[in-house]
Amino acid sequence: MERLKNLVEQDMTYIIAGNESGDETNPTNHDFEVHRSTDDEIIGSFHFQQGAIGENGANGILNEDLLTILIDRVESFQRSKMRCRENENALQHLYEALWWLNQRHNKKR
């Protein structure tokens, strides 16, 4: 597994990613760990779907699942004291990303 480039302006966490399945035909990272920077403890992990569900069954979360979780979380911020323009802009782009991924899915059908 490899440490990903930090794309946010904070140093509280870092992410390790890899393809722990050893599937060399699909080198996409499927496994992610979020570590706390202060003590390197794993504070979250994700395993993404490997291969088409029709061929491999459901074996991990989908990109769309993660976006749906983020949308729910930011929408809850918007119903609280944390409401702000930045959250609204982030929501717009999260919804757009979800729409495009759904378009890709519909195209495959």
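Here is how the numbers come out for the structure above:
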item: Taking the chain and dividing mean pair separation by its residue count, relative contact order in percent (alpha carbons under 8 Å, at least six apart); result: 14 percent
item: Span from the segment 65-99 Cα centroid across to the segment 17-56 one, whole angstrom; result: 24 Å
item: Leading residue at positive end of dipole, segment 62-109 (Cβ point charges), from Gln103, Leu62, His93; result: Gln103
item: For Asn59, distant residues with modelled amide H under 5 Å away; result: Gln50
item: Phe77-Asn19 pseudo-label distance in nm [points 7 Å out on the Cα-to-Cβ vector]; result: 3.3 nm
item: Whole-Hz ³J(HN,Hα) from phi, Karplus 6.51 cos²θ - 1.76 cosθ + 1.60, for segment 38-54, glycine and proline x; result: 5, 9, 6, 5, 6, 10, x, 8, 9, 10, 8, 3, 10, x, 5, 4, x
item: Over the chain: helical MRE at 222 nm, DSSP H runs n ≥ 4 each giving -39500 (n - 2.57), nearest 500; result: -13000 deg cm²/dmol
item: Among beta bridges that DSSP assigns inside segment 1-61, antiparallel share in %, nearest 5; result: 95 percent
item: Matching label, Rg/Rh (Cα atoms, Kirkwood Rh) computed from the structure shown, candidates (1) 1.01; (2) 0.97; (3) 1.12; result: (1)
item: Under 5 Å, built H, 5+ apart or other chain: amide partners of Thr13; result: Ser37
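Taken together, the values in this text are just the output of simple stated rules run on the coordinates, not laboratory data. The model shown is predicted, which means the values in this text are computed figures rather than measured ones. When we count neighbours, we look across all protein chains shown, and the Cβ atoms used for this are built from the backbone with ideal geometry, even at glycine.
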